[in-house]
Amino acid sequence: MIKFEKFQLANGLKVVVHEDASTPMVVVNVLYDVGARDEDPKQTGFAHLFEHLMFGGSVHIEDFETPLQLAGGENNAYTTNDFTNYYIQLPAENIETAFWLESDRMLSLAFSEKSLEVQRKVVMEEFKEHYINKPYGDAWFKMRELVYKQHPYRWMTIGKELSHIENAKLQDVKNFFFKYYRPTNAILVVGGKVTAQQVRELAEKWFGDIPAGEKYVRNLPVEPRQQEARKLVVKADVPLDALYKCYPMAARTEKGYYVADLITEVLGGGASSRLHQSLIKEKKLFSQIDCYHTGSNDPGLVVIEGKLIKGVSLEAADAAIEEELEKLKTELITEKELTKIKNKTESAIVFEDMSVMNRVNSLAIYELLGDVDMMNTELDKYRAVTAEEIRSTSRELFDAKNSNTMYYQSEKGV
């Protein structure tokens, strides 16, 4: 049971405190309710660009890193399609340094052409290195556009195209900041060697005077239910043929999410999983194969992807996957296998929650989802999944009309 206290400042900033006296450290986490899905389709990649800009200094603090290092702290951040998260870990006696740094950049990020140019170059290099010049780097650009026709999950967190970052203007950046990076659109979670009273005082002192901003009300287009199988063939200079299969699944807070999560464990959870045993070990069709889900807040995807052994046709590999899916759709999973994947999932969650940083991060995400107490109730949702639900959800999930398949062919083998 993870204990926490929760309160809200007058300017709308939500605060969650998790006391843990067993550590000398404290984690200060600020989550902003903005991700790639909130971007203008003509200006994508801004949420991720902002993650970089937030380290470029604020009006009163030119250099973010030095005071943090002097306080014995470290920090990082990450962007998803759903939110942007910043976190600092430092010795508990220096907690105020983190409040000072985070509040100042929320209040007054330093907007300058120089900072924008520096971070723009960093992001553009990242785009080129990981998505343009890397083998299979464009696979997910193509896959997302195949699957999503309306919802903004159709572009990657890095952005839809390089030109959107290239053409970002300083005024665009300011507009983005003052729309999303406001107390009313943020969640502050503090965990470690602190008390709720101490955090309340520090939050009021450092964040209380920041103007609330207007609450961002999300109104995204809903992806219509898929009605037909979709297929795409790509030819590229890659070493091996690759196969990608995606199936739209339930949103993060729906019951179907937990069933789909367990289904991905059955199919792709390590060396004892069905796809690994059947398609790598026994049939020797794939050199590697994975099954996972995107875990997104709005309806996401169950993904099966793998690299083929040379000489194996994409059609044969695809048919072998379908055969495994058919078993899940028709045969009841045994209680033994179901118990095994539930135990594995429970162990993973418990192990993840061992570190204060992970606990704090999870509390922020659950608060964003609308119920911070999910931190303590999620395991019960996994435990409640039945063998029949695995079968019925598999039938719906892996229906041919719900499938998106991409054959990523090596030109060397053509």
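The values are calculated or read from the model by the stated rules, or taken from the named source; none is laboratory data. Note that the structure is a prediction, hence the values are computed from the model and not measured. We place every Cβ from the backbone using ideal geometry, glycine too, and count neighbours over all the protein chains shown.
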In the range 248-301, how many are out of contact with any strand residue (DSSP E or B) (no Cβ under 8 Å at 6 or more places or on another chain), over 26 Å from N81 (Cβ atoms) and modelled with pLDDT of 95 or more? 7
Residues that are within 29 Å of Y131 (Cβ to Cβ), surrounded by 14 or more Cβ atoms within 10 Å (Cβ to Cβ) and in contact with a Cys (Cβ under 6 Å, 6 or more places away or on another chain): does the range 244-264 have at least one? yes
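Would you say K215 is assigned to a strand (DSSP E or B), of a type outside the set (V, I, T) and farther than 30 Å from A384 by Cα?
The answer is no for K215.
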Within the range 215-249, which residues are more than 11 Å from Y408 (Cα to Cα), touching a Lys or Arg at 6+ places or on another chain (Cβ under 9 Å) and aromatic (F, W, Y)? Y216
What tally of residues in the range 369-401 results from selecting those that are acidic (D, E) and in a helix (DSSP H, G or I)? 5
Number of the exception - D318 against (1) acidic (D, E); (2) over 30 Å from L240 (Cβ atoms); (3) surrounded by fewer than 20 Cβ atoms within 10 Å (Cβ to Cβ): (2)
Being crowded, with 20+ Cβ neighbours inside 10 Å, under 15 Å from V189 (Cα atoms) and either modelled with pLDDT under 95 or touching an Asp or Glu at 6+ places or on another chain (Cβ under 6 Å) (or both), is that true of even one residue in the range 357-367? yes
Test V15 against the stated conditions and say whether it is buried (at least 19 other Cβ atoms within 10 Å of the Cβ), β-branched (V, I, T) and within 23 Å of A196 (Cβ to Cβ). yes
If a residue must be buried (at least 16 other Cβ atoms within 10 Å of the Cβ) and without any contact (Cβ under 8 Å) to a residue 40 or more places away in the chain, how many such residues does the range 160-186 contain? 1
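Name the one entry in E323, E346, E315 that is of a type in the set (D, E, K, R) and modelled with pLDDT under 95.
E346
Going by what's in this entry, would A229 be described as surrounded by fewer than 16 Cβ atoms within 10 Å (Cβ to Cβ), in contact (Cβ under 8 Å) with a residue 40 or more places away in the chain and in contact with a Phe, Trp or Tyr (Cβ under 7 Å, 6 or more places away or on another chain)?
The answer is no for A229.
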